[in-house]
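Asker: Attaching a single structure in structure tokens format; questions to follow.
The values are calculated or read from the model by the stated rules, or taken from the named source; none is laboratory data. Note that the coordinates shown come from a computational prediction; the quantities given were computed from them, not determined experimentally. Cβ placement follows ideal geometry from the backbone for every residue including glycine, while neighbour counts extend to all protein chains displayed. Note: areas computed on protein heavy atoms with side chains; ligands, DNA, RNA excluded. Shrake-Rupley method; radii C 1.70, N 1.55, O 1.52, S 1.80 Å.
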Amino acid sequence: MKTTDTATPGVETPGSPGGSGTEVIKTVAPAPRKASKSEGATLNVFSHGVLIIWAIMVVMPLLWAVMTSFKTDKAIFTSPWALPDKLHFENWSRAWTEAHMSDYFLNTILVVGGSLLGTLLFGSMAAYVLARFDFPGNRFIYFLFIGGMSFPIILALVPLFYVMQNMALLNTLHGLILVYIAYSLPFTVFFLTAFFRTLPTSVAEAAFVDGASHTRTFFQVMLPMAKPGLISVGIFNFLGQWNQYLLPTVLNTEPERKVLSQGLVQLAVSQGYKGDWSGLFAGLVMAMLPVLAAYIIFQRQVVAGLTAGAVK
């Protein structure tokens, strides 16, 4: 009879003499294969190459748009990739005044600023309750917000139009603010609920022991602790609301109340055969600058909020 035994390398296993009895056959388990330095270097070069290509694909159109906004219309078509002969700031002034980009810019700041504050306030309050308190219907309400994230907004445009019309909110900035808040709440509650669950409960319990109410505990203790998460979800909502085009197109048709995305489309359509492409690119860069500035300023907080909400 033969049996197979697994032994470590360098250790002899004795067998029975004379061929009788049990013979033990030694097998050695193969050592795990270690990645060589050349394979790691190849993977590193490949990953950096992909990142460089991706960065070029993202940055080049932005730089080209900024460069084109300082050219004349003739230079845009004759030498599109060349640097401008001089900086034509009159393109920016023409877009700001004649194309009414100043009015669109002000309307967008009012709408996005109001909706962003409302979204963060109501979203954080709902997320805190869903994350910290157990009550009948907790999970049902939470999954209602999750379902709101998957609901296509285009299916709600027609009934939303008539609801806004019946409530005298159509073609008003405050009506658009309420719609933006409702549109952004599902993602905000989903994000902040997971974030509030990672915060330590001992701090809130200590506040209750000291006599703080639920309202005071939320606004003075838990909300400051959730600052990284609020900044992260605020940046995401800011990007979505600033670039929103479908909702204001349907619900905000008054020319003096149009937002920036509508103004850019209006500028492109109203050109006709004039072809004021330099003014159009100047308006496009004006619309991009606040988004880029917000992300550059708060990029550390965005990363901190994402990682803090993922690890408990």
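Asker: I'd like the full set of residues that are in contact with a helix residue (DSSP H, G or I) (Cβ under 7 Å, 6 or more places away or on another chain) and among the small types (Gly, Ala, Ser), limited to the stretch 50-103.
Answerer: Within the stretch 50-103, Ala65, Ser69, Ala95, Ala99, Ser102 qualify.
Asker: May I ask you to verify whether Leu116 is open to solvent by 50 Å² or more (accessible area, probe 1.4 Å), in contact (Cβ under 8 Å) with a residue 60 or more places away in the chain and part of a helix (DSSP H, G or I)?
Answerer: The answer is no for Leu116.
Asker: Which members of the stretch 53-80 meet the condition of being loosely packed, with under 12 Cβ neighbours inside 10 Å and within 26 Å of Ile296 (Cβ to Cβ)?
Answerer: Ile53, Trp54, Ala55, Ile56, Met57, Val58, Val59, Met60, Pro61, Leu63
Asker: Need a quick list: helices (runs of 4 or more DSSP H) entirely within the stretch 255-312 having at least 1 residues that are in contact with a helix residue (DSSP H, G or I) (Cβ under 7 Å, 6 or more places away or on another chain) and modelled with pLDDT of 90 or more.
Answerer: 260-270, 277-297
Asker: OK, next. Within the stretch 209-261, track down each residue that is of a type in the set (S, T, N, Q) and farther than 19 Å from Ile181 by Cα.
Answerer: Ser213, Thr215, Thr217, Gln220, Thr253
Asker: May I ask you to say which residue of Val285, Val269, Val291, Val250 is in contact with a Ser or Thr (Cβ under 6 Å, 6 or more places away or on another chain) and either free of Cβ contacts under 8 Å to residues at least 24 places away in the same chain or open to solvent by less than 60 Å² (accessible area, probe 1.4 Å) (or both)?
Answerer: Being in contact with a Ser or Thr (Cβ under 6 Å, 6 or more places away or on another chain) and either free of Cβ contacts under 8 Å to residues at least 24 places away in the same chain or open to solvent by less than 60 Å² (accessible area, probe 1.4 Å) (or both) holds for just one of Val285, Val269, Val291, Val250, which is Val285.
Asker: Tell me yes or no: at least one residue of the stretch 66-80 is free of Cβ contacts under 8 Å to residues at least 40 places away in the same chain, among the polar types (S, T, N, Q) and either in a loop (DSSP other than H, G, I, E, B) or touching a Leu at 6+ places or on another chain (Cβ under 9 Å) (or both).
Answerer: The answer is yes, given that some residue of the stretch 66-80 is free of Cβ contacts under 8 Å to residues at least 40 places away in the same chain, among the polar types (S, T, N, Q) and either in a loop (DSSP other than H, G, I, E, B) or touching a Leu at 6+ places or on another chain (Cβ under 9 Å) (or both).
Asker: Related question: Please verify whether the stretch 154-161 includes one or more residues that are in contact (Cβ under 8 Å) with a residue 60 or more places away in the chain and either acidic (Asp, Glu) or not in a helix (DSSP H, G or I) (or both).
Answerer: Among the residues of the stretch 154-161, not one is in contact (Cβ under 8 Å) with a residue 60 or more places away in the chain and either acidic (Asp, Glu) or not in a helix (DSSP H, G or I) (or both), which makes the answer no.
Asker: Now, a different point. So Thr215 clears everything in (1) within 28 Å of Gln241 (Cα to Cα); (2) at pLDDT below 95 except one condition, right? Which one?
Answerer: (1)
Asker: Another question, then. Scanning for something open to solvent by 30 Å² or more (accessible area, probe 1.4 Å) and touching a residue at least 60 places away in the same chain (Cβ under 8 Å), does the stretch 218-226 turn up at least one residue?
Answerer: The answer is yes; a qualifying residue exists.
Asker: Phe208 is checked against (1) surrounded by fewer than 18 Cβ atoms within 10 Å (Cβ to Cβ); (2) among the aromatic types (Phe, Trp, Tyr); (3) in contact (Cβ under 8 Å) with a residue 40 or more places away in the chain and fails just one. What number does that condition carry?
Answerer: Only one criterion is unmet by Phe208, namely (3).
Asker: Among the candidates Leu130, Leu144, single out the residue that is open to solvent by 70 Å² or more (accessible area, probe 1.4 Å) and either assigned to a helix (DSSP H, G or I) or at pLDDT 95 or above (or both).
Answerer: Going through Leu130, Leu144 in turn, just one is open to solvent by 70 Å² or more (accessible area, probe 1.4 Å) and either assigned to a helix (DSSP H, G or I) or at pLDDT 95 or above (or both): Leu144.
Asker: Can you find a residue in the stretch 188-198 that is more than 29 Å from the chain's Cα centre (by Cα), surrounded by 13 or more Cβ atoms within 10 Å (Cβ to Cβ) and of a type in the set (Phe, Trp, Tyr)?
Answerer: no
Asker: Which condition does Ser93 not pass, out of (1) over 29 Å from the mean Cα position of the chain (by Cα); (2) under 30 Å from Gly234 (Cα atoms), if it passes all the others?
Answerer: Among (1) over 29 Å from the mean Cα position of the chain (by Cα); (2) under 30 Å from Gly234 (Cα atoms), the lone unmet condition for Ser93 is (2).
Asker: So which residues in the stretch 29-52 are modelled with pLDDT of 70 or more and open to solvent by 70 Å² or more (accessible area, probe 1.4 Å)?
Answerer: Thr42, Leu43, Asn44, Val45, Phe46, His48, Val50, Leu51, Ile52
Asker: Follow-up. Within the stretch 86-113, how many residues turn out to be part of a loop (DSSP other than H, G, I, E, B) and open to solvent by 80 Å² or more (accessible area, probe 1.4 Å)?
Answerer: 5
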